[in-house]
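The values are calculated or read from the model by the stated rules, or taken from the named source; none is laboratory data. Here the structure is a predicted model, which means the values were calculated and not measured. All Cβ positions, even for glycine, are placed from backbone atoms using ideal geometry, and neighbour counts span all protein chains on display. Note: areas computed on protein heavy atoms with side chains; ligands, DNA, RNA excluded. Shrake-Rupley method; radii C 1.70, N 1.55, O 1.52, S 1.80 Å.
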Amino acid sequence: AITTRIVNLLKKATYVIYIFSLNIWLGLFLLGTIIITILMSKLRIYYFQKMKPKVRSAAEVVNSKIIEVVRGVKDIKTLNCADSTLEMLKKDQVDYWKKDNAEWYVGVGLSQATYITRYICNFFFIVLCVYFLRLESITPLIFYTCYLYRGNIIDFATILEELKLNLGSAVVYANRIFMLTDKTVYEIDEFGDK
């Protein structure tokens with residue numbers, strides 16, 4: 001999937017170069033749109049990388065406690081502490097839900113902001129093209145060509161964002177694995193000789 005995205009990035013880059021060859025101002029406008037979209041994507045990735053480890057950690061706490069409860073269900077029933085055990089689990093579950101929901105809302109909010117920005121940029125791109133048509137700086141054929149390729153050019157930023165998100169996810173997961181194998185984070189049980 002990453003290789004496909006890299007090939008798509010190269011293909012979209014050729015569209016940018018082609019638009020620059022048709023009209024430098026339209027090319028600059030689309031390049032500015034790409035830069036704005038990339039900056040918004042960087043913001044989204046920053047929050048993703050900041051919030052994702054907290055969500056994963058909270059999920060691990062919930063999962064480990066559920067496993068403990070399942071293993072000790074006989075003792076819990078014997079000691080008649082099912083209510084206190086459920087309260088403990090509920091607190092951890094609520095903490096996980098809050099962190100997961102916060103990550104989701106930030107991701108959705110920034111995604112929507114990115115889409116709105118793209119629509120605004122599309123609108124201004126059309127206005128700019130009509131302006132150049134009225135000045136006779138571009139022909140209707142160039143306008144039509146630029147209009148057709150603008151989506152592909154703006155997709156450049158989207159593909160770049162997806163590639164960064166994939167790589168960002170890989171980094172988050174790799175860091176969690178290294179934390180598990182690191183002796184300073186989790187103590188390793190040591191047993192005696194007997």
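Worth pointing out:
- Only lysines eight or more places from Lys98 in sequence, or on another chain, were considered; those with a Cα closer than 27 Å are Lys42, Lys50, Lys52, Lys54, Lys65, Lys90, Lys164.
- Rolling a 1.4 angstrom probe over the chain with all protein chains present gives an accessible area of which 64% lies on carbon and sulfur atoms.
- Estimated [θ] at 222 nm from DSSP helical runs (n ≥ 4, -39500 (n - 2.57)) normalised by residues in the chain, nearest 500: -32000 deg cm²/dmol
- Inter-part distance where segment 48-71 and segment 78-136 are each reduced to a Cα centre, Å: 21
- Cα-based helix-to-principal-axis angle, 2-22 vs the chain, degrees rounded to 10: 20
- Chymotrypsin sites (Phe, Trp or Tyr not before Pro), loop per DSSP, at most 14 other Cβ atoms within 10 Å - longest free stretch of the chain: 1-185
- 5 angstrom amide H check on Ile138, placed H, neighbours 5+ away: Leu133
- Tyr147/Ile6 FRET efficiency (R0 22 Å; Cβ-Cβ; nearest 0.05): 0.25
- Orientation-averaged projection of the chain equals 16.4 nm² [convex hull of Cα atoms, one quarter of hull surface area].
- Each Cα pair of segment 67-139 feeds into the Kirkwood radius, which the Stokes-Einstein equation turns, at 37 °C and 0.692 mPa s, into a diffusion coefficient of 189 µm²/s.
- P(r) tail fraction, segment 16-77 - alpha-carbon pairs more than 17 Å apart, %: 66
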